[in-house]
Each structure stands twice: as C-alpha cells, then as structure tokens.
Amino acid sequence: MVAKKLTLEFLLITAFALLLYLPFLSIQYDTNGIIEATGVETGDLLNKNHMLYRPLGLLIWRALQFAGYGGRSLIILQTLTALAGALGVGFAYLAFRSLTPSRAYAAVAALALGTSYSYWTSSTDVFYIPMAGMFAAAALACLLRARSGSGLIAAGILTGL
C-alpha cells in the first residue's frame, strides 16, 4: 500500500512539473541546443559528453516522422528535455521523501528544485543536462530506498547512465 501511495505521489509531482515546463518552452535557444538539434537532423549521433541524448532524440524524432510528423527536431528535443526535467523533479521528490518523514517538506524541496532558475531554464530549452540530472536523482532515490543488493545495482546502473 505504501509503494502505491508513493508511486502516486511521484506521478503527481512529475505531472505538476511537466505542466510547469511544457507551456513555457524556450523561444530563445541556447547555442548548444541548436547544435544538438542539427546533430539529430544530420544523423551526427556521437558526442563524447552526452552520448544518450542525441540517439534518444533521433529515435523519437524518426518515430514521429514515421507517424506523419513533418517538423524539425527542435520542439521534439525540447519536449524530451522537459520530460526529463519533470522526471528529475519526481525522482528528487522520492529522494527527499526518504530523507524526511514529512510529505510536505519533500514536496516543497522538489518544487524549489524544479522552479530554480538553472533547473527551469535547462528544462525548457534543448539541453542534455536535465536528462543527466534525472538519472542522478533516480540513482539517489534508488540508493536511499535500496533494501537489497539489487537496489544498489540499479542505483549503479542509473549513475552510469
């Protein structure tokens, strides 16, 4: 029962964060974001600093093209970034929830993270950092909630991603 309640809280916090990011996607793009979108559209997938972002962006963009989407990859990558940012806030909530008995304190801390200037601007532009932050927050939540060796292994895998 506790796991179901915590899952619901995670989903609510994540959905709330996504509702804060999606309507306010950046219209002044960071130059790194433009480079990422160009890399996706030209098929240049390798970047030594963020190896997962471009291939995942290309996979989603191609799938949407197959389904009839005819637009550029920039908005797709922004949406991917917003989703990663929102999931990062949700995973941070789970970590904070492990550190405090108060649901309200954990929610306020997650909200403070999600609305901080650097997190907000990164999560509304084309940027690979929110995806890295999402994996870091997921690894921390997994580590703090680990009850067995498999939880520690999952935290290690998430850290590697």
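The values are calculated or read from the model by the stated rules, or taken from the named source; none is laboratory data. Nothing here was measured: the structure is a model prediction, and the numbers come from that model. As a convention, Cβ positions derive from the backbone with ideal geometry for all residues, glycine included, and neighbour counts pool all protein chains shown. Accessible surface is based on the protein model in full, side chains and every heavy atom, while ligands, DNA and RNA are left aside. Shrake-Rupley method; radii C 1.70, N 1.55, O 1.52, S 1.80 Å.
Brief remarks on what is shown
- Within the range 1-15, residues that are more than 16 Å from S98 (Cα to Cα) reach partners that are modelled with pLDDT of 95 or more and surrounded by 12 or more Cβ atoms within 10 Å (Cβ to Cβ) with beta carbons closer than 6 Å, at six or more positions or on different chains, in the pairs T14/A86; T14/L87; T14/G90.
- Any hit, the range 13-30, residues being of a type in the set (V, I, T) and surrounded by 14 or more Cβ atoms within 10 Å (Cβ to Cβ): yes
- Residues in the range 54-68 that are in a loop (DSSP other than H, G, I, E, B) and open to solvent by less than 80 Å² (accessible area, probe 1.4 Å): G68 alone.
- Residues of the range 25-53 that are among the polar types (S, T, N, Q) and in a loop (DSSP other than H, G, I, E, B): S26, Q28, N47, N49.
- Checked against the criterion of being within 11 Å of the chain's Cα centre (by Cα), within 22 Å of K5 (Cα to Cα) and open to solvent by less than 30 Å² (accessible area, probe 1.4 Å), the range 138-153 contains one or more residues that satisfy it.
- Meets criteria (surrounded by fewer than 17 Cβ atoms within 10 Å (Cβ to Cβ) and among the aromatic types (F, W, Y)) for Y128: no
- Scanning the range 38-50 for residues that are farther than 19 Å from G85 by Cβ and surrounded by 13 or more Cβ atoms within 10 Å (Cβ to Cβ) yields T38, G39, E41, D44, L45, N47.
- Members of the range 69-96 found to be open to solvent by 30 Å² or more (accessible area, probe 1.4 Å), modelled with pLDDT of 95 or more and over 11 Å from the mean Cα position of the chain (by Cα), listed by number: F96
- Number of the condition not met by W120 [criteria: (1) touching a Leu at 6+ places or on another chain (Cβ under 7 Å); (2) within 21 Å of A15 (Cβ to Cβ); (3) at pLDDT below 95]: (1)
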